[in-house]
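Presented below is the structure to which this report refers.
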Amino acid sequence: METVCRHVARAVISYQDKILIARLKGAHSFLPGGGVEIGESCEMALQRELFEELGLKSITASRFMGVMEDSYLENEKVIHSVSHVFEVNCPSSELENHYPHPLAKEDHLEFYWLAPTRENLQNHNVLSRSVPELISKFMTEQKSFFFTDMQHLSIKKRM
């Protein structure tokens, strides 16, 4: 089975004691952001992705929250994803336009605000599987973390 590696930058954007969550219409929820292209930094990827997805123009990655490494099956391929997660600042004047109903610029996405508790993140099935733990631990301990959930290792063993 083919394995594809994916380098991703994810944003935790807070406003009114909630964080912004993205949802692929008809599918799963996740932290906003996306793939880091060759020659692009994580912050550059976040700036590009958040502009494309929401029209946000003035974002900065303020704090590194951690790394989530996981794997999943998609279209008969194993996707090995490494996500760098950042707390992202955006001027209130830009976020006001997206509260309480964020306006997606891409048809396949929708966004919503969620109180960032472990239970809420789990109940909304925010992916990757490590998101609830990463965010709750970061909020309480104020340090970055590394989480891994490498399903592909057991997939390869079965082959």
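The values are calculated or read from the model by the stated rules, or taken from the named source; none is laboratory data. Just so you know, these numbers come straight off a predicted model, no measurement behind them. Positions of Cβ are backbone-derived with ideal geometry, glycine not excepted, and every protein chain shown enters the neighbour counts.
Points worth noting:
- When P116 is tested against (1) within 22 Å of G66 (Cβ to Cβ); (2) part of a loop (DSSP other than H, G, I, E, B); (3) without any contact (Cβ under 8 Å) to a residue 60 or more places away in the chain, only condition (3) is not met.
- Residues of region 22-44 that are touching a strand residue (DSSP E or B) at 6+ places or on another chain (Cβ under 7 Å) and of a type in the set (D, E, K, R): R23, K25, E43.
- Some residue of region 70-85 being at pLDDT 95 or above and aromatic (F, W, Y): no
- Candidate set: region 110-131, residues that are modelled with pLDDT of 95 or more, crowded, with 17+ Cβ neighbours inside 10 Å and of a type in the set (A, V, I, L, M, F, W, C); chosen: the one nearest to P32 (Cα to Cα): F111
- Within region 10-29, the set of residues being over 15 Å from V88 (Cα atoms), at pLDDT 95 or above and of a type outside the set (A, V, I, L, M) comprises R23, K25, S29.
Residue-wise test of (1) surrounded by fewer than 17 Cβ atoms within 10 Å (Cβ to Cβ); (2) within 17 Å of S29 (Cα to Cα); (3) under 15 Å from the mean Cα position of the chain (by Cα); (4) not hydrophobic (A, V, I, L, M, F, W, C).
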residue	(1), (2), (3), (4)
M65	no, no, yes, no
V78	no, no, no, no
P102	no, yes, no, yes
E106	yes, yes, no, yes
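- Within region 23-49, the only residue that satisfies the criterion of being crowded, with 16+ Cβ neighbours inside 10 Å, of a type in the set (A, V, I, L, M, F, W, C), out of contact with any helix residue (DSSP H, G or I) (no Cβ under 7 Å at 6 or more places or on another chain) and closer than 16 Å to N125 by Cα is F30.
- Boolean, S71 is in contact with a strand residue (DSSP E or B) (Cβ under 7 Å, 6 or more places away or on another chain), under 19 Å from T148 (Cα atoms) and either of a type in the set (S, T, N, Q) or surrounded by 13 or more Cβ atoms within 10 Å (Cβ to Cβ) (or both): yes
- Strands (runs of 3 or more DSSP E) fully within region 7-95 that include at least 2 residues being touching a residue at least 40 places away in the same chain (Cβ under 8 Å): 18-24, 60-74, 77-89.
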